[in-house]
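Here's the structure, in structure tokens; my notes come after.
Derivation of every value follows stated rules applied to the coordinates shown; laboratory data play no part. Since the structure is predicted, the reported quantities are computational estimates derived from the model, not experimental observations. As a convention, Cβ positions derive from the backbone with ideal geometry for all residues, glycine included, and neighbour counts pool all protein chains shown.
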């Protein structure tokens, strides 16, 4: 990653392919990564990945599908996107070791990225679904399990990133959604922090969507966030 690119994955969750392509083109000069999520991928398929990569100037692609199924099915799903060569592909850590390992074995050149606990979930939500908490303990357990199964990146909230870094050490890319510039609306995020704080606590890559893509001037919003962050160096290799 060049010094001019911020460690940001801009979330391209838009209503159509033309819109996400325009966002990728506008943000691409300022960010390291473009994120294609479930909504966009189910609608536009491989075209979304190709368009995001090309329009952004060849930025890393974060394919955020959050796979969660039996190991054989997840292996097949990972195999089906191998031709897209994503830098990151997400699976749910709660799918267990065998499931995570199945994805890792199918895509050795991709950083299989285990999602610990969704940043939209509050402590009450975790309790309601029976996940033993508090959330920081659940996240640490799932992080350790995922890394042992071969995951090379983890998704956790910015409030837990320091604890996860302590748990897994260096060399694992920590990705944090729920990042909001000071004063920005929280949307559906429950466990949040500012971009600067998330990086200071040990994050390597920040997922930022609406504060960039919802701005009247997407390029200016991406540039402003990048300008505040580019003095931070990533803490893990090959981000």
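Every helix of 4 or more DSSP H residues in the chain counts as -39500 (n - 2.57), and over all residues that averages to -11500 deg cm²/dmol at 222 nm.
DSSP assigns beta bridges within the chain; of those with both partners inside it, close to 0 percent run antiparallel.
Provide the FRET efficiency to the nearest 0.05 for the residue 19-residue 85 pair, computing r from the beta carbons and using R0 = 25 Å. In this case the efficiency is close to 0.55. Centre-to-centre separation between the Cα atoms of segment 70-117 and those of segment 1-60: 20 Å. Going 7 Å from the Cα of residue 200 along its beta-carbon direction, which residues of segment 146-160 have the amide nitrogen within less than 17 Å of the resulting point? Counting only backbone N, you get 158-160. Taking all Cα pairs closer than 8 Å and separated by 6 or more residues, the relative contact order of the chain comes to 20 percent. Annotation: peptides 69-82, 25-38, ranked by per-residue average of other Cβ atoms within 10 Å with the highest first, follow the order 25-38, 69-82. Spin-label pair residue 66-residue 220: with each label point 7 Å from Cα along the Cα-Cβ axis, the two points sit 3.3 nm from one another.
Place a point 7 Å from Cα of residue 166 in the direction of its Cβ. Which residues in segment 113-155 have their backbone N less than 14 Å from it? What the label zone holds, given the 14 Å backbone N cut-off, is 136-141.
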